[in-house]
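Undergrad: One structure is given below, represented as structure tokens, and several questions about it will come after.
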Amino acid sequence: MAVKQTAGRDALGEFAPKFAELNDDVLFGEVWSREGQLSLRDRSLVTVVALMAQGLTDESFRYHLTTAKKNGITKEEIAEVVTHAAFYCGWPKAWAVFRMAKDIWGEE
């Protein structure tokens, strides 16, 4: 079940209100809530790999890794996904993802 997102409005609501609205209402509202077409778990996997491919391992990436864990991705699964994607996205990117994932799943 999708959670009502307010991060866009919280961070950029006054500076970039249209972007904030699209972030919260369209991306995290309409797109992420289409669970009948693709589960939250699967959306998390797709998002993690897409961001990894771009090399975007910042705090927004940490958010998506944490969300992936909340959506049921296990430590073993994230390790396998990142290992597989390393050959397509890049070895250094995989190292960056593993450093972050180890922090997030390391609590288990």
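Undergrad: May I ask for the distance between the Cα centers of region 56-108 and region 4-31, given as a whole number of Å?
TA: Answer, in whole Å: 24.
Undergrad: Rounded if a/c is under 1.5, else prolate if a/b beats b/c, else oblate: with a ≥ b ≥ c from the C-alpha gyration tensor eigenvalues square-rooted, which is region 39-105? Mind showing how you got there, number by number?
TA: Details: a/c = 1.40, a/b = 1.34, b/c = 1.05.
Taking the square roots of the gyration eigenvalues as a ≥ b ≥ c, region 39-105 is rounded.
Undergrad: Could you list the trypsin sites (Lys or Arg not before Pro) in region 1-44 that lie in coil according to DSSP, counting only those with at most 12 other Cβ atoms within 10 Å of their Cβ?
TA: On the way: sites: Lys4, Arg9, Lys18, Arg34, Arg41, Arg43; in loops: Lys4, Arg34.
In loop regions of region 1-44 (DSSP not H, G, I, E or B), the sparsely surrounded trypsin sites (Lys or Arg not before Pro) are Lys4, Arg34.
Undergrad: Pick from Val97, Val31, Val49: which is most flexible by mean-square fluctuation in a GNM of the chain where alpha carbon atoms under 10 Å apart are linked?
TA: Among Val97, Val31, Val49, the largest GNM mean-square fluctuation belongs to Val31.
Undergrad: Tell me the angle of helix 75-89 to the major Cα principal axis of the chain, expressed in degrees between 0 and 90 and rounded to the nearest ten.
TA: 90
Undergrad: Here's another thing I want to ask about it. How high is the FRET efficiency between Trp91 and Gln37 when r is their beta carbon distance and R₀ equals 35 Å, given to the nearest 0.05? Each step should come with its number before you reach the end.
TA: On the way: r = 33 Å, r/R0 = 0.93.
Computed FRET efficiency for Trp91 and Gln37 comes out at 0.60.
Undergrad: Taking the chain as the reference, fit the longest principal axis to its C-alpha atoms, fit the long axis of helix 91-105 to the helix C-alpha atoms, and give the angle between the two in degrees, 0 to 90, nearest 10.
TA: 70
Undergrad: With every protein chain left in place, what is the accessible area of Thr74 in Å² (1.4 Å probe, nearest 10)?
TA: 50
Undergrad: Loop-only GluC sites (Glu not before Pro) in region 1-84, please: DSSP not H, G, I, E or B, and at most 16 other Cβ atoms within 10 Å. Before the final figure, lay out each step's value.
TA: Values: sites: Glu14, Glu21, Glu30, Glu35, Glu59, Glu76, Glu77, Glu80; in loops: Glu14, Glu35.
Passing both the DSSP loop test and the Cβ count: Glu14, Glu35.
Undergrad: With the other protein chains left in place, how much accessible area per residue, in square angstrom, belongs to the chain at a 1.4 angstrom probe? Mind dumping the intermediate values first?
TA: On the way: 6950 Å² over 108 residues.
Dividing the accessible area of the chain by its residue count gives 64 Å².
Undergrad: Tally up the carbon and sulfur contribution to the accessible surface of the chain as a whole percent, 1.4 Å probe, everything protein left in place.
TA: Details: 4220 of 6950 Å².
It is 61 percent, rounded to a whole number.
The values are calculated or read from the model by the stated rules, or taken from the named source; none is laboratory data. Because the structure is a prediction, the values reported are computed rather than measured. So basically every Cβ, Gly included, is an ideal-geometry build from the backbone, and we count neighbours across all protein chains shown. Remember, those area values only see protein heavy atoms, side chains included, never the ligands or the DNA or RNA. Shrake-Rupley method; radii C 1.70, N 1.55, O 1.52, S 1.80 Å.
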